[in-house]
Amino acid sequence: MLGGDGYNVSPHFCSLGFNGVDGSGNVVNITAGHCDQSSENAGGPDATVAAEGISAGGPRFGAFDFPHPDGIDFSTIKIDKAVAKRFENNFVRGLGGKPLAITGIADPVIGAPVCKSGTTSGFTCGVIWRVNQTIDNELGTTKGLILATNICALPGDSGGPVLTGTKALGISTASNSQTQKECDETSGPDVADFDHPHEYVTPLKAILAADPGLKVRTN
């Protein structure tokens, strides 16, 4: 399984983020915290189960293991041992769905190119416009976000990996095109704030600082 592949947390779906290893050596995937709507149960017997595919009924591959911390939109899915080897790679879905290897971790630089991988809209790219942004929505307040512009992100892309070049940058959190169904609609009158699409990204370095011992797989 690669970053950008879809997973189901019935009744909705999200995208896998970066494959990694937690502080206890467990195989995990780093994804968006808001994809787990029962975050208070993470790591326990009632933790939200993650299943393959975007439709209900797919095979289970793990369960949420890290409670969504206040202000930082991330969590980890602890991968079941029976399928762990499928996640022991450093790839995300690149252009055309081809595997793209992650080679390191980057800090956001305004004006730098940025791309995201998601199960709904695939691999789309833009530029970093602002950093240290805060948003308030039905999920609460999320701080320290990267704002990327001219980049399409649609419902279901949440949790997917965001990168600059081949370096891991963050996790897809929100966009101004969440009511759209296709990328060619993201410049229409229903898109909020701007006349072009943009998305908010939770920085990977903030995620790693909030979960000591968590590591992203790189080569």
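Net charge in the neighbourhood of A168 (other residues with Cβ under 13 Å of its Cβ; Lys, Arg +1, Asp, Glu -1) is +4. Post the alpha-carbon centroid distance, region 90-150 to region 1-26, in whole angstrom. Centre-to-centre (Cα) distance: 16 Å. Shape class of region 51-147 from the alpha-carbon gyration tensor: oblate, with a/c at 1.5 or above and b/c at least as large as a/b. Residues whose amide H comes within less than 5 Å of that of V28, counting only those at least five positions distant or on another chain, are G20, V21, D22, I79 (H built at 1.01 Å from N in the peptide plane). Using the average count of surrounding beta-carbon atoms within 10 Å as a protection proxy, the listed peptides 154-161, 43-50, 66-73, 31-38 rank, highest first, as 154-161, 31-38, 66-73, 43-50. Amide H to amide H distances under 5 Å link V127 with V114, T149, where only residues 5 or more positions off or on other chains count and H is placed in the peptide plane.
Using just its DSSP H runs of length 4 or more, each adding -39500 (n - 2.57), the chain gives a mean residue ellipticity at 222 nm of -1000 deg cm²/dmol after division by all residues. Each residue of region 111-128 was assigned a 3J(HN,Hα) from its phi angle through the Karplus curve 6.51 cos²θ - 1.76 cosθ + 1.60 (θ = phi - 60°); the sequence is x, 6, x, 8, 9, 10, 10, x, 5, 8, 9, x, 9, 10, 9, x, 9, 6 Hz, with glycine and proline shown as x.
A cut-off of 5 Å between modelled amide H atoms, ignoring neighbours fewer than 5 places along the same chain, links G165 with C115. Loop exposure criterion: GluC sites (Glu not before Pro), DSSP state outside H, G, I, E and B, at most 15 other Cβ atoms within 10 Å. Applied to the chain, the longest stretch between such sites is 1-87. For the chain, the gyration tensor built on C-alpha atoms gives a rounded shape. Its axis ratio a/c (a ≥ b ≥ c) stays under 1.5.
Each value in this text was obtained by applying a stated rule to the coordinates, not by laboratory testing. Quick caveat, the model's predicted, so the values are computed rather than measured. Neighbour counts run over all protein chains shown; Cβ positions are idealised from the backbone, glycine included.
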